[in-house]
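The values are calculated or read from the model by the stated rules, or taken from the named source; none is laboratory data. All figures in this text were calculated on a predicted structure; none of them were measured in a lab. FYI the Cβ positions are ideal-geometry reconstructions off the backbone, even for glycines, and counts take in every protein chain you see.
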Amino acid sequence: MENQELQTLVAEQKILNRIYVVRGQKVMLDEDLAAMYGVETRRLNEQVKRNMKRFPHDFMFTLTPKEYENLKSQNATSSWGGRRKLPNAFTEQGVAMLSGVLSSDIAIAVNIQIMRVFTKLREYGLTHKEILLQLAKLEKEVNGNSKDIANIFIVLKELIEKQAKPPVRNKIGFRRNDEKD
């Protein structure tokens, strides 16, 4: 694997590790995004606050205390300590909208990479869904044939039992006068 491919793979993995599922949506937290963009979390949130019209509820929302505690406990990390405010969570659309608010070269490059990862996740989800549909179809076919399969096993079992107990046969051939049946 080339060095550039390896760097891309590592970058994608770092992004994937920072995507969480909250309220049934894939989101990234403000502090993770700020770290990746190379800005302070409060600066990122200031820019968002100045442009609130760009961030409706389905693009960004603030975590509840319980959601935040759940995330901290799931990730077993202590680096999230010391926040005064609950973190903002950005959906894929919210991350895309951040590119219009943050215009540094680093922010643009990171945003492009994040959008590529979200796209790959969506493609993976569609592929996964297709596989599940194929398995459901196969399961229906097998269930429809289960009686036939059961009958085949019954016949095979009978054949095996017959081979295990060979029938008594009459001997063929000539008998001598001193032999008994």
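Of all residue pairs spaced 6 or more apart or on separate chains, those with beta-carbon atoms under 9 Å, a first member in the stretch 88-101 that is more than 14 Å from LYS49 (Cα to Cα) and a second member that is small (Gly, Ala, Ser) and part of a helix (DSSP H, G or I) are SER99/ALA107. Here ASN111 clears all of (1) part of a loop (DSSP other than H, G, I, E, B); (2) surrounded by 20 or more Cβ atoms within 10 Å (Cβ to Cβ); (3) not aliphatic (A, V, I, L, M) except the condition numbered (1).
Being of a type in the set (Asp, Glu) and surrounded by fewer than 14 Cβ atoms within 10 Å (Cβ to Cβ) narrows it down to one of GLU67, GLU31, GLU40, GLU92, so name that one. Write out each step before concluding.
On the way: GLU67 fails: surrounded by fewer than 14 Cβ atoms within 10 Å (Cβ to Cβ); GLU31 fails: surrounded by fewer than 14 Cβ atoms within 10 Å (Cβ to Cβ); GLU92 fails: surrounded by fewer than 14 Cβ atoms within 10 Å (Cβ to Cβ).
Going through GLU67, GLU31, GLU40, GLU92 in turn, just one is of a type in the set (Asp, Glu) and surrounded by fewer than 14 Cβ atoms within 10 Å (Cβ to Cβ): GLU40.
Taking the conditions exactly as written (modelled with pLDDT of 70 or more, β-branched (Val, Ile, Thr) and either surrounded by fewer than 10 Cβ atoms within 10 Å (Cβ to Cβ) or within 29 Å of LYS26 (Cα to Cα) (or both)), does ILE152 satisfy them or not? Even if it seems obvious, please write down each step before you answer.
Numbers: modelled with pLDDT of 70 or more: yes; β-branched (Val, Ile, Thr): yes; either surrounded by fewer than 10 Cβ atoms within 10 Å (Cβ to Cβ) or within 29 Å of LYS26 (Cα to Cα) (or both): no.
Answer is no for this residue.
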